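The values are calculated or read from the model by the stated rules, or taken from the named source; none is laboratory data. Predicted model only: the values in this text are computed from it and were never measured. Here the Cβ positions follow ideal geometry from the backbone for every residue, glycine too, while neighbour counts run over all protein chains shown.
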Amino acid sequence: MLPGFMPKPCISIVGPGRLGTSLARALSGAGYRIAEIVYRPGPSARAARALAKELHAEPLVYPEQFAPVVFLCVGDSQLGAVSQELANWPWKGRVALHTSGALSSDILALLREKGAAVASVHPMMTFVRGATTPLRGVSFALEGDSKALRVARAIVRHLGGKSFVLKQSAKPLYHAFGAFTSPLLIATLAAGERVARKAGLSERQARAAMRPIVEQTLKNYLEQGTAGAFSGPLVRGDVATIRKHLDALRALPEVRAAYIALVRCALGTLPVKNAGAVAALLPRIAAP
């Protein structure tokens with residue numbers, strides 16, 4: 001082993017769901033041996049066994065052995081219970097990492113008491129059913145014990161990702177940041193689809209129309225930032241058009257409320273022309 005380089009330990013994956021499956025494949029591709037895939041009996045058992053076979057790992061339901069590094073990739077609501085179930089493992093000298101974005105490493109306090117070094121290792125990425133998501137270039141938020149952080153940094157580096165350390169108290173805000181970058185972005189696009197359908201477009205036509213503008217908007221944002229990518233009636237201060245939007249959206253009250261909330265948010269963060277006139281418009285006609 002070259003000086004300054006950590007060895008690649010064997011890894012156990014507990015919970016091979018959407019994130020766990022992508023992580024296991026990425027780790028295997030980065031030269032880590034996945035020793036065990038730990039899963040619960042149920043509908044996903046077949047997929048877990050198939051993943052274990054693919055990665056030459058041992059598929060286990062009630063493991064009596066596990067690797068020096070364990071990734072717990074179960075849902076936030078399950079982490080506490082799973083850590084209790086695994087507390088009888090010999091944890092001394094091992095590293096336990098969970099992948100929750102909102103919860104801190106303290107959710108694994110019981111494993112810490114048993115001798116493990118623990119940390120949270122969350123990739124800022126979306127994982128959907130039926131797709132393996134690559135992790136190269138992805139940012140990972142880390143928080144936890146010093147030993148576990150050293151191991152986590154090396155793993156992220158080997159995956160081709162980037163890592164940064166968060167304070168425990170910042171985890172909920174960090175996770176809310178992630179919500180804006182993906183699920184709430186999809187919620188905004190879904191609202192746009194509803195407006196398009198109300199205007200007479202089919203779902204297929206709406207998505208075809210949205211694709212070029214969404215792609216260009218994201219490109220503009222990534223290259224020029226928020227102010228440089230901002231366009232439309234708000235940046236022009238076109239109060240008359242904004243009023244027309246709000247009047248037309250009365251037919252879709254939930255979407256109208258989202259429009260108003262986003263306009264108010266834009267007033268505080270983006271270069272809105274005639275900001276005073278726009279702000280005065282909203283309270284006057286804000287009720288559905």
Given (1) within 17 Å of the chain's Cα centre (by Cα); (2) part of a loop (DSSP other than H, G, I, E, B), index of the condition Ser163 fails: (2)
Return yes or no: is Leu281 in contact (Cβ under 8 Å) with a residue 24 or more places away in the chain and part of a helix (DSSP H, G or I)? yes
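Residue-by-condition table, conditions (1) among the charged types (D, E, K, R); (2) under 23 Å from Met124 (Cα atoms); (3) assigned by TED's automatic domain parsing to the domain that holds Gly115; (4) in contact with an Asp or Glu (Cβ under 7 Å, 6 or more places away or on another chain):
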position: Arg40; (1), (2), (3), (4): yes, no, yes, no
position: Pro43; (1), (2), (3), (4): no, no, yes, no
position: Lys53; (1), (2), (3), (4): yes, no, yes, no
position: Tyr62; (1), (2), (3), (4): no, no, yes, no
position: Val70; (1), (2), (3), (4): no, yes, yes, no
position: Cys73; (1), (2), (3), (4): no, yes, yes, no
position: Asp76; (1), (2), (3), (4): yes, yes, yes, no
position: Gly80; (1), (2), (3), (4): no, yes, yes, no
May I ask you to list pairs of residues, at least six apart or on different chains, whose Cβ atoms are under 8 Å apart, with the first in segment 76-89 being at negative phi and the second being part of a loop (DSSP other than H, G, I, E, B) and among the β-branched types (Val, Ile, Thr)? Val82/Val74
Taking Ala152 as meeting all but one of (1) small (Gly, Ala, Ser); (2) over 24 Å from Pro253 (Cβ atoms); (3) exposed (fewer than 14 other Cβ atoms within 10 Å of the Cβ), write down the number of the exception. (3)
Of the residues in segment 107-116, those that are closer than 28 Å to Lys162 by Cβ and over 24 Å from the mean Cα position of the chain (by Cα) come to Leu111, Arg112, Ala116
For segment 120-132, check the following and say yes or no: at least one residue is in contact (Cβ under 8 Å) with a residue 60 or more places away in the chain, among the aromatic types (Phe, Trp, Tyr) and either in the same structural domain as Gly29 (by TED's automatic domain parsing) or part of a helix (DSSP H, G or I) (or both). yes
Selection count, segment 188-202, where residues are free of Cβ contacts under 8 Å to residues at least 24 places away in the same chain and of a type in the set (D, E, K, R): 2
Matching helices (runs of 4 or more DSSP H) fully within segment 1-113 where at least 3 residues are crowded, with 19+ Cβ neighbours inside 10 Å: 18-29, 45-54, 76-85
Does Ser105 qualify as being within 24 Å of Phe177 (Cβ to Cβ) and in contact with a strand residue (DSSP E or B) (Cβ under 6 Å, 6 or more places away or on another chain)? yes
Against the condition surrounded by fewer than 16 Cβ atoms within 10 Å (Cβ to Cβ), within 30 Å of Leu262 (Cα to Cα) and within 20 Å of the chain's Cα centre (by Cα), how does Gly178 come out, does it pass? no
Is there any pair with a first residue in segment 92-119 that is assigned by TED's automatic domain parsing to the domain that holds Ala154 and a second that is aromatic (Phe, Trp, Tyr) whose Cβ atoms are under 7 Å apart and which are 6 or more apart or on different chains, and what are they? Leu97/Phe71; Thr99/Phe71; Gly101/Tyr174; Leu111/Trp91; Lys114/Trp91; Gly115/Trp91; Ala116/Trp91
Check segment 188-199 and report whether any residue there is within 15 Å of the chain's Cα centre (by Cα), surrounded by 11 or more Cβ atoms within 10 Å (Cβ to Cβ), among the hydroxyl-bearing types (Ser, Thr, Tyr) and part of a helix (DSSP H, G or I). no
Starting from segment 33-58, take each residue that is β-branched (Val, Ile, Thr) and list its partners that are in a loop (DSSP other than H, G, I, E, B) and surrounded by 14 or more Cβ atoms within 10 Å (Cβ to Cβ), counting only C-beta distances under 7 angstrom and pairs at least six apart or across chains. Ile34/Leu55; Ile34/Ala57; Ile37/Pro16; Ile37/Ala57; Val38/Pro63
A careful count of residues in segment 206-240 that are more than 24 Å from the chain's Cα centre (by Cα), part of a helix (DSSP H, G or I) and surrounded by 13 or more Cβ atoms within 10 Å (Cβ to Cβ) gives 7
If only one of Leu142, Leu135 is part of a loop (DSSP other than H, G, I, E, B), hydrophobic (A, V, I, L, M, F, W, C), over 30 Å from Asp247 (Cα atoms) and modelled with pLDDT of 95 or more, which one is it? Leu135
